[in-house]
Structures are given as C-alpha cells and as structure tokens.
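A short reminder: the numbers here are calculations on the coordinates, not readings from a lab. Keep in mind the model is a prediction, meaning the values are calculated, not measured. Note: ideal-geometry Cβ built from the backbone for every residue, glycine included; neighbour counts use all protein chains shown.
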Amino acid sequence: MARGGEALNGFVDSSCTIRGELEFANSFRIDGTLEGTVRSRSELVVGEAGVVQGEIEVARCLVGGQVRGVVRATEQVVLHATARVWAEIHTPALVMEAGAFLEGKVTMVASKGAAGASAMPPRAATAPTPVPAAPAARSREGSS
C-alpha cells in the first residue's frame, strides 16, 4: 500500500513494456519497462526489476530499479540501495540509501507548499566566534 493509505492504482509487471504517456491518480508501481512520460500528483514506485526511460513528474518517486531521463518530484525522491539512476532530478528532498547509484544533476527546489521559500535556506547573519589564542610558550633559554 502507498503512503498515506492510498491504494495501489496500477501495476506494470516485469514481462510488460509500455511506450507513451502514463497518468494516474493514486500510487502506481512499475516492475516492467516504461518508455515515455509519467505524470501524477501521487507516488510512483519503480521496483527492483523496473526500468523507466523518459520524463517523470510526480509528488513522490521511490526507485529500486533503473531510471534514465528527468525526474521532477514535488515532495520527495527516494533512491533505494538497488537503484541505478542516470537522470536530472528536481525535488525538495532526496534520500539515498547506501549502495544506490546516481549519475546526473540534482536541483533542490522549494516544495510547492512553501510559498515564497527559496531553494536553499538563508545563511545565518551572525559573525564567526573568535578562536582564543593558545598561550605563548615560555623560552627555556636564559631562565637558568
């Protein structure tokens, strides 16, 4: 079951290939191959055997398989340990498990729910704290 109690809306099995556009309302899982565009305001799961080549525009994208292309997620992208990704990723939150592979460009964007928020939080305007100097070493010469 998907996050937030959403039921799985659809499934592409490992023996299936889809070419074209895929749009769905609730969570969708791909264990086969999809070449084209995926759009949803919900969650896409790319299983360990799944391959997506093209453009993904979803709220959440969980990857355990392969993705090549562009990923735009309004909430989060999660790359599980088995993920192999060659993509340009745009998301406010990226989670990578140890072992995940990512080659490409990642752009951290503000989530749509944070109106007026910038992509990066502003840096604190405080002056750096001075580091106290170490006490001077006394010379042993001439102290006999």
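Mind ranking 44-55, 92-103 by how tightly packed they are, going by the mean number of other C-beta atoms within 10 angstrom, highest first? Could you put the intermediate results ahead of the total?
Details: 44-55: 20.7, 92-103: 13.6.
Packing order, densest peptide first, comes out as 44-55, 92-103.
Net charge near GLU35, counting Lys/Arg +1 and Asp/Glu -1 over other residues with Cβ under 11 Å of its Cβ? Can you show the working numbers first?
Values: positive: ARG19, ARG68; negative: GLU21, GLU55.
Around GLU35, the charge tally is 0.
How large, in Å, is the stretch 7-55 by the Kirkwood hydrodynamic radius built from its alpha-carbon pairs? Walk me through the intermediate numbers first.
Values: mean 1/r = 0.0955 Å⁻¹.
Answer for the stretch 7-55: a Kirkwood hydrodynamic radius of 10.5 Å.
Take ILE18, ILE30 and order them by how many other Cβ atoms sit within 10 Å, fewest up front. Spell out each step's value before the answer.
On the way: ILE18 15, ILE30 26.
So the residues, fewest neighbours to most, are ILE18, ILE30.
Of the trypsin sites (Lys or Arg not before Pro) in the stretch 1-94, which ones lie in a loop per DSSP and count no more than 14 other C-beta atoms within 10 Å? Intermediate values should be presented prior to the final figure.
On the way: sites: ARG3, ARG19, ARG29, ARG39, ARG41, ARG60, ARG68, ARG72, ARG84; in loops: ARG41.
Loop-located and lightly packed - ARG41.
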